[in-house]
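Colleague: Take this structure, written in structure tokens, and hold onto it; I'll ask about it next.
The values are calculated or read from the model by the stated rules, or taken from the named source; none is laboratory data. All figures in this text were calculated on a predicted structure; none of them were measured in a lab. Each accessible area value is taken on the protein alone, full model and side chains, heavy atoms only, with ligands, DNA and RNA left out. Shrake-Rupley method; radii C 1.70, N 1.55, O 1.52, S 1.80 Å.
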Amino acid sequence: MRAGTALARHDVILPGEYQSRLPLPARIAGGFLRVFGGGAKGRPGERLAHALERLGPAYIKLGQFLATRPDVFGSEVAGDLSRLKDKLPPFSMKQARAALVAEFGPAEAARLFPDLAEPVAAASLAQVHRMKLADGDRAVKILRPGIERQLELELSAMRRAARTIEGVSSESRRLKPVAFTETIASAMLRETDLRLEAGGADEMREIYAKTGFFRVPKVDWERTGKRVLTAEWIEGTPLTTAGVLDQPGLDRKKLANDITQGFLASAINYGVFHADMHEGNAILTPDGQIALVDFGIIGRIGIVERRFLAEILWGFLKRDYHRIAEVHFEAGYVPPHQSVGDFAQALRSIGEPLFGRPAEEVSMGRVLLQLFDYTHTFGMALRPELVLLQKTMVQVEGVARAIDPSHNIWNASEPVIGDWMRRNFGPEGAARLVAENVREVTNRLKRLPEVMDRFEKSLDAEPAPPPAKERFAPWWGWFGLVVALAGIAAWVVLEVN
């Protein structure tokens, strides 16, 4: 009810802009809600963003995820939602110290956190303090008091809404609102256990130590718990700060390439990526490197999704639209009754207008938006596991373009994708595939005597008769169904008469 009231006040439910497309009862209902709302201003996407910001952290995250679904809301609304703010006033130092005591105990909290300063940043889920220590400063992240219970209530309402939508609208089932909501819920609930974020940060630190694209702060495990995360303090300036990129001698082109290539290198080569790569989580260090913070959402994709991502990007780079279409069918994203040739034709209409245009007009985000436009035409089922990937790709392009407006994301992507394609589909990849298959066959042959022994024992054992209840269960099930159908028929006859 609270969510519905907030949406009505901001003219989000049955908005006036869509009156001409609605049936008469919906137009009447929309007019009534606008009287109740008092005349909200702005575009539909802006009004929805304002409503979600007022509702709280779960709804802010919902809006950020919905920004990845232009196939549902259109590109204008998705663009407005992508600018959702996730900043709130900080909670008190008294509450912060109480959280440390609750996590570590009074004596350990006093020893481990002797000089906790006032908060330097506050978001919907947590806030960050700076703390000075003899061996270097630390960043201490503390969850908001009672945030778990608040999220639980908000996510429960979202799940109920998703089930209702999927139950009453057959068209919505293709877009899987229940699975989509569960993706949001699982990501948000993971964010309330800061030990998981610490593990993700440590994993990403190892990966980027190998690739060299980003710097990630080292976790202070002694000072980290379920509701508190401590890491080394990164000196630098967030990319959201005005004028941060105006430093003399800063190589913007390299920095933008690092953003794109760093994301793709971790996603394609390792199947893991920072899934919240907006400017607020990227810090420019004094030596001109990008440091990433806030690993509350880590995206993971399997080898099938990694292959899908690499092949569609490589296909667009090489203008091989038939292969892109085949990859969609092989991954099961397009129903098999559709035509590969027709889908390749649609992909050509997306890719060809990009070539020969200035770099600043060649957008990966635009490709994704147009690709989503064909989901209805070709009955594509958008997979929930790709939601984070789609969202992050659009974020990455936005950050890279903010650094270097002439950044060509396709040219920046080519070295990473080309290297992956050669390693997985060239001679090296073929040799590795043969080696893996040989190893798998060898392992199965080693276990063959054990499997055959179990099989022979199962043949010798006489199966026990099923319990009486199980023997009659099917009969009682059919009896119940017949009784239910008879009751429905009787009610229909009585209503007609």
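Colleague: Using only the alpha carbons, work out the radius of gyration and Dmax of the range 193-320 in angstrom.
Modeller: Final numbers for Rg and Dmax: 15.9, 52 Å.
Colleague: Report the accessible area of Ser349, computed with a 1.4 Å probe over the heavy atoms of all protein chains in place, in Å² rounded to the nearest 10.
Modeller: Estimated to the nearest 10 Å², Ser349 gives 60 Å².
Colleague: Still on this structure, I have one more. Please list, ordered by chain and number, the residues whose modelled amide H lies under 5 Å from the amide H of Ala126; skip anything fewer than 5 residues away on the same chain.
Modeller: Arg144
Colleague: Moving on to the next point. List, in the order given, every pair from Lys94/Lys218; Lys87/Lys210; Lys176/Lys254; Lys318/Lys391 whose Cα-Cα distance in the structure shown is over 31 Å.
Modeller: With Cα atoms farther than 31 Å apart: Lys87/Lys210; Lys176/Lys254.
Colleague: Over the range 155-302, what is the relative contact order in whole percent, taking alpha-carbon pairs under 8 Å and six or more residues apart?
Modeller: 24 percent.
Colleague: Taking all protein chains together and a probe of 1.4 Å, list Met1, Met131 from the most accessible to the least accessible.
Modeller: If we order Met1, Met131 from most to least accessible, we get Met1, Met131.
Colleague: On a 1.4 Å probe surface of the protein chains, which of Ser406, Ser413 comes out largest in accessible area, and what is the full order?
Modeller: Largest to smallest exposure gives the sequence Ser406, Ser413.
Colleague: Hey, another quick one. Roughly how many Å² of Thr240 are accessible to a 1.4 Å probe, to the nearest 10?
Modeller: 90
Colleague: Right, next: For Lys253, Lys318, Lys226, what's the largest-to-smallest order of accessible area, 1.4 Å probe?
Modeller: Lys253, Lys318, Lys226
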